[in-house]
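A.B. asks: Here's a structure for you.
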């Protein structure tokens, strides 16, 4: 089986899906976004289109409540030693979900800034990209610890995602109702915004695994939500972390859970993962894509240290050796909106990584 192919018309020619972080109190500006939209040369001028698709994610609502399922704990914080994950104790409410959408779709929100940035690059480079840039929006996790979510979309009943006072099926139905409302609201706001340079391609399941137990059934919620998104002409994406469980789910995900899943190699984070080949082989065998991973700085202890430059080269070289540079669509985690800082960094190694990412994205990176 091949990787998930790039340039499919049904996916508006998706090739490279870059993750952009939306934070309530740390907005990425149009000036910073241009380093993602176009390759900016050392003189500060754009000289080519860069990423063609953008995934917006966020961990916290403006209130401080969590949009993720869990958060990392322990002194290592990133998969080794005494690492452990703790489910959110303050899961988001319907107001938090609405505020989250406001952060994207308000007059000066992230989507408007991204649209403005693309328009500016069209003027600077005297021409438009070959197709509208794609937008993918993450769906906050409908947390099974949330018993008082609130009334979504003018509904009369306060939604309860937990099994407190009800069975698992009723909880799952209410979690699905919230996800449907979020997607429908986002589609409506995107249409109202009339963004000239963007195409709303679909939505993203923010939790990097799936739960099934006595008190939560992610599998049912996702399968039913996938049907809803298809009825609206939207695509559904997932980027699971590297584990045998997630790889197994990827085996049966197409036409069941997700339109496309990108597998994280996690080679940049975990010292014991010595290469990217295992992840590349697993993704290709299941018709998935690969996530490219890097960070300028990270707020979690990562054991690879300065070896990160060697390891990011393994990702890039692996794209040539294992074929995913040209034969697969790729997702990109490049830290917390750090591309502009990499391009202007005093350490030339960071600038080199930025330039290599661009060469990879346009299929001209050469291993060696």
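Just so it is clear, none of the values below were taken in a lab; they were calculated from the coordinates. Small disclaimer: the values here were computed from a predicted structure and weren't measured. Glycine also receives a Cβ, built like all others from the backbone with ideal geometry; neighbour counts cover every protein chain displayed.
A.B. asks: Roughly what angle does helix 168-193 make with the longest principal axis of the chain, taking Cα atoms, 0 to 90 degrees, to the nearest 10?
C.D. replies: Helix 168-193 sits roughly 50 degrees off the main axis of the chain.
A.B. asks: Determine the gain in length on full extension of the stretch residue 131-residue 255; use 0.36 nm per residue of separation and subtract their C-alpha separation, reporting nm with one decimal.
C.D. replies: 42.1 nm
A.B. asks: Still on this structure: Can you tell me the alpha carbon radius of gyration of the range 260-368 divided by the globular rule-of-thumb value 2.2 N^0.38 Å?
C.D. replies: Cα Rg divided by the expected 2.2 N^0.38 Å: 1.01.
A.B. asks: For helix 218-231, what angle does its Cα long axis make with the longest principal axis of the chain, in degrees from 0 to 90 and rounded to 10?
C.D. replies: So the helix axis and the longest Cα principal axis differ by about 70 degrees.
A.B. asks: For the chain, take the longest principal axis of its alpha carbons; what is the angle in degrees between that and the long axis of helix 308-321, to the nearest 10 within 0 to 90?
C.D. replies: Approximately 90 degrees, to the nearest 10.
A.B. asks: The list [x] 202; [y] 157; [z] 135 gives values of volume of the Cα convex hull per residue in Å³, and only one came from this structure; which label was calculated from it?
C.D. replies: So the structure-derived entry is [z].
A.B. asks: If you take the C-alpha gyration tensor of the range 246-307, multiply each eigenvalue by 5 and take the square root, what semi-axes do you get, largest first, in whole Å?
C.D. replies: Computed over the range 246-307, the values are 26, 12, 9 Å.
A.B. asks: Sticking with the crude label model, points 7 Å out along Cα→Cβ, report the distance from residue 164 to residue 275 in nm, one decimal please.
C.D. replies: Simple spin-label model gives 5.1 nm for this pair.
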